[in-house]
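Here's the structure, in structure tokens; my notes come after.
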Amino acid sequence: MRVLVIGATGFIGLPVSQALVRSGHVVYGLTRKADKARQLQAEEITPIIGEYVEPAKWLTPSLVGTLDVVINAVGAEVRLADPEADVRVFKTLLEVAQQSRPTHAPKLTHIFTTGTLAYGQDPREVVNDTTAIPLEKLADFVKPFLNLEQDILHNPALNTIIIRPGFVYGRSGSLLASLFAQAKEGNTIKRYGAPGGRLNTVHTDDLANLYLLAAEKAQLVGGNIFAGVNDSTESVDDILQSLVAISGAKGYEYVEPTNPFEAAAGFTNILRPYLGRTLLGWRPVKASFVDHLQIYFDSWKASSGTA
Ligand SMILES: *[C@@H]1O[C@H](CO)[C@@H](O)[C@H](O)[C@H]1NC(C)=O
Ligand SMILES: *[C@@H]1O[C@H](CO)[C@@H](O)[C@H](O)[C@H]1NC(C)=O
């Protein structure tokens with residue numbers, strides 16, 4: 001297959017691109033910088049240099065006309081900086097796909113990344129991939145993202161798959177890297193939320209495998225939402241205790257969030273996904289975050305140049 005990965009050097013996008021290359025697919029990767037382009041080329045990924053917010057410059061008919069799959073894995077910081085950018089990229093993709101593909105070609109597959117905030121924040125109710133939480137129970141800033149996700153999912157012109165990753169760990173660390181950064185300083189680790197919280201985690205390599213399987217079986221599983229998390233949650237208290245033990249941090253404490261994003265970082269939802277397993281045969285194989293915390297902490301230190 002020919003696949004374009006948007007955000008190909010990112011925390012999710014790079015492992016996804018590598019997994020696709022390893023499985024024999026032809027991969028194009030969008031990146032902003034020339035030095036990252038060389039990194040992609042070294043990985044046998046064909047770089048396309050461009051800004052996410054200017055899709056008309058890189059979603060060209062000559063490229064889109066040849067693709068089977070487009071995976072949008074652009075980083076959250078890019079999307080939050082310009083919430084309209086996702087809409088622009090989606091509209092451009094629709095237009096260019098309609099112009100550049102023969103009418104009888106199978107629909108272009110579009111794998112779009114959102115997140116588990118769509119599952120709300122109820123620490124008692126067990127939810128799964130397909131649970132729809134009423135809008136009024138979601139944090140305000142999540143609502144526009146959920147509406148956009150649903151518009152993208154239900155547009156009939158593309159074969160769409162949504163992946164909602166949870167707390168991704170491994171290598172350079174993502175959201176959980178802030179815990180590592182605090183631990184490394186030897187301070188008291190501060191965490192939003194309250195004791196008893198749980199996290200839906202997933203290793204970046206396991207998540208990459210979910211994207212790969214979804215891309216390969218896209219003609220069978222289009223129209224579905226997959227929760228990209230392991231099927232058992234991890235205790236935040238366990239994680240913090242272990243991190244203190246291995247890092248020399250002074251201890252940890254829970255603090256009050258000062259804005260909705262910090263509050264969301266402390267949410268607990270108990271997610272038991274099943275669609276990845278039943279439809280794609282997906283099974284996370286990595287050790288959990290807490291079980292191999294030392295390896296993940298060392299890997300983060302090495303990849304952030306602070307070992
Ligand atoms: C998924 O969650 C919904 C709503 O909570 C529930 O009705 C449904 O039975 C669940 N599906 C599975 C397979 O557990
Ligand atoms: C995933 O959950 C299973 C239990 O369902 C557990 O045995 C395994 O260690 C977990 N793996 C990860 C990566 O958390």
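Things worth noting here:
- Residue match in the stretch 143-159 (condition: within 16 Å of ligand 2 (Cβ to nearest atom) and within 17 Å of the chain's Cα centre (by Cα)): no
- Considering (1) under 21 Å from P257 (Cβ atoms); (2) of a type in the set (D, E); (3) outside any loop (DSSP other than H, G, I, E, B), the lone condition that D151 does not fulfil carries the number (1).
- Across the stretch 114-128, the number of residues qualifying as away from ligand 2 (no atom under 16 Å from the Cβ) and either open to solvent by 10 Å² or more (accessible area, probe 1.4 Å) or part of a helix (DSSP H, G or I) (or both) comes to 10.
- Here the stretch 90-128 is the region considered, the condition is being β-branched (V, I, T) and within 16 Å of ligand 1 (Cβ to nearest atom), and the residue that is nearest to E149 (Cα to Cα) is T116.
- Sole exception among (1) open to solvent by less than 10 Å² (accessible area, probe 1.4 Å); (2) touching a Pro at 6+ places or on another chain (Cβ under 7 Å) for S17, by number: (2)
- Taken over the stretch 264-276, the criterion of being away from ligand 2 (no atom under 14 Å from the Cβ) and of a type outside the set (A, V, I, L, M, F, W, C) is satisfied by G266, T268, N269.
- Scanning the stretch 277-287 for residues that are within 12 Å of ligand 2 (Cβ to nearest atom) and either among the small types (G, A, S) or outside any loop (DSSP other than H, G, I, E, B) (or both) yields R277, A287.
- Test for G65: is it more than 25 Å from D231 (Cα to Cα) and not hydroxyl-bearing (S, T, Y): yes
- Residues (touching a residue at least 24 places away in the same chain (Cβ under 8 Å), surrounded by fewer than 20 Cβ atoms within 10 Å (Cβ to Cβ) and within 11 Å of ligand 1 (Cβ to nearest atom)) located in the stretch 129-155: T130
- Only one entry in R38, R2 is in contact (Cβ under 8 Å) with a residue 12 or more places away in the chain, open to solvent by 60 Å² or more (accessible area, probe 1.4 Å), at negative phi and not hydroxyl-bearing (S, T, Y), namely R2.
- Residue pairs meeting the criteria (Cβ under 7 Å; at least 6 apart or on separate chains; first more than 19 Å from E216 (Cα to Cα) and open to solvent by less than 10 Å² (accessible area, probe 1.4 Å), in the stretch 273-296; second small (G, A, S) and part of a helix (DSSP H, G or I)): L293/S242
- The stretch 257-272 - residue that is in a loop (DSSP other than H, G, I, E, B) and among the β-branched types (V, I, T) and, of those, surrounded by the most Cβ atoms within 10 Å (Cβ to Cβ): T268
The values are calculated or read from the model by the stated rules, or taken from the named source; none is laboratory data. Every value quoted in this text rests on a predicted model; they were computed, and no experiment measured them. Neighbour counts run over all protein chains shown; Cβ positions are idealised from the backbone, glycine included. Keep in mind that these areas ignore ligands, DNA and RNA; they rest on the heavy atoms of the full protein, side chains included. Shrake-Rupley method; radii C 1.70, N 1.55, O 1.52, S 1.80 Å.
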